Amino acid sequence: ALIAAVLINSFGVVLMLYSGAGISAISSVPFAFSEVAPVISLGTWTYIFQGLLILSLMIMRKRFVVPYLFSFVVGFAFSEMLDLYEAEINILPTAMGRVLYFVISYLLICFGIALSNRCGLPIIPTDLFPRELSDITKFKYSKIKVSFDVTCLAVTGFMTGIILGHL
């Protein structure tokens with residue numbers, strides 16, 4: 001189930017980008033970095049971002065947490081699949097339309113997230129971070145999750161707006 005979730009979610013993210021209709025909040029920061037500094041791939045920026053999230057959680061916990069490393073391994077696989085799918089996505093016909101690709105990508109990501117949550121195995125660091133931060137700070141998960149997503153979008157908007165001149 002975890003392997004299927006990684007494959008489905010990574011394809012969903014790349015398909016969403018291919019549709020031209022946007023990207024998920026948690027993937028927006030690495031995507032912005034890949035647009036600003038395209039010498040490094042989206043997948044590489046993704047695992048760099050995820051590694052920094054894991055590192056910050058361990059710093060906040062003031063200890064080494066082995067399950068976080070398992071989460072990073074899952075995130076690394078997700079990141080590598082992003083690059084693989086991104087290299088091959090152009091084989092899809094463009095005549096199908098942006099809206100259809102967006103709807104398919106949205107449904108894939110929803111299904112993939114549900115699958116990863118149900119399997120009970122490590123989740124990717126961008127999903128782990130808000131959950132663990134909620135536990136560390138004792139703030140409600142919903143407040144942390146919304147704040148994390150809004151922060152990701154704000155950083156993305158600011159960075160692409162300032163450096164690229166557009167969102």
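The values are calculated or read from the model by the stated rules, or taken from the named source; none is laboratory data. Everything quoted here is computed from the prediction, not taken from an experiment. Ideal geometry is used to build each Cβ from the backbone, glycine not excepted, and the neighbour counts take in all protein chains shown. When the accessible area is computed, the model is the full protein with side chains, heavy atoms only, and any ligands, DNA or RNA have been set aside. Shrake-Rupley method; radii C 1.70, N 1.55, O 1.52, S 1.80 Å.
If Glu88 satisfies every condition in (1) open to solvent by 90 Å² or more (accessible area, probe 1.4 Å); (2) not in a helix (DSSP H, G or I) but one, which is the exception?
Among (1) open to solvent by 90 Å² or more (accessible area, probe 1.4 Å); (2) not in a helix (DSSP H, G or I), Glu88 violates only (2).
Name the single residue, out of those in region 10-37 being part of a helix (DSSP H, G or I) and among the β-branched types (Val, Ile, Thr), that is surrounded by the fewest Cβ atoms within 10 Å (Cβ to Cβ).
Going through the qualifying residues, I end up with Val36.
Kindly list the number of the only condition in (1) more than 28 Å from Leu167 (Cβ to Cβ); (2) loosely packed, with under 14 Cβ neighbours inside 10 Å; (3) in contact (Cβ under 8 Å) with a residue 12 or more places away in the chain that fails for Glu132.
Every condition holds for Glu132 apart from (2).
Would you check which residues across region 135-150 are surrounded by fewer than 17 Cβ atoms within 10 Å (Cβ to Cβ) and either touching a strand residue (DSSP E or B) at 6+ places or on another chain (Cβ under 9 Å) or closer than 30 Å to Ile3 by Cβ (or both) and list them?
Within region 135-150, Asp135, Ile136, Tyr141, Ser142, Val146, Asp149 qualify.
Identify, by number, the condition in (1) small (Gly, Ala, Ser); (2) open to solvent by less than 90 Å² (accessible area, probe 1.4 Å); (3) without any contact (Cβ under 8 Å) to a residue 24 or more places away in the chain that Ser79 doesn't meet.
Unmet condition: (3).
Quick one: count up the residues across region 82-99 that are farther than 22 Å from Trp45 by Cα and in contact (Cβ under 8 Å) with a residue 60 or more places away in the chain.
Adding up the residues that qualify gives 3.
Would you mind finding the one in Met96, Met60 that is farther than 18 Å from Asn117 by Cα, at pLDDT 95 or above, open to solvent by 40 Å² or more (accessible area, probe 1.4 Å) and not aromatic (Phe, Trp, Tyr)?
Met60
Go through (1) in contact with a Lys or Arg (Cβ under 8 Å, 6 or more places away or on another chain); (2) exposed (fewer than 15 other Cβ atoms within 10 Å of the Cβ) one by one and return the number of the condition Leu69 breaks.
Going through (1) in contact with a Lys or Arg (Cβ under 8 Å, 6 or more places away or on another chain); (2) exposed (fewer than 15 other Cβ atoms within 10 Å of the Cβ) one by one, Leu69 breaks only (1).
Would you mind telling me which numbered condition in (1) closer than 24 Å to Ala5 by Cα; (2) of a type in the set (A, V, I, L, M); (3) surrounded by 12 or more Cβ atoms within 10 Å (Cβ to Cβ) Met159 fails?
(1)
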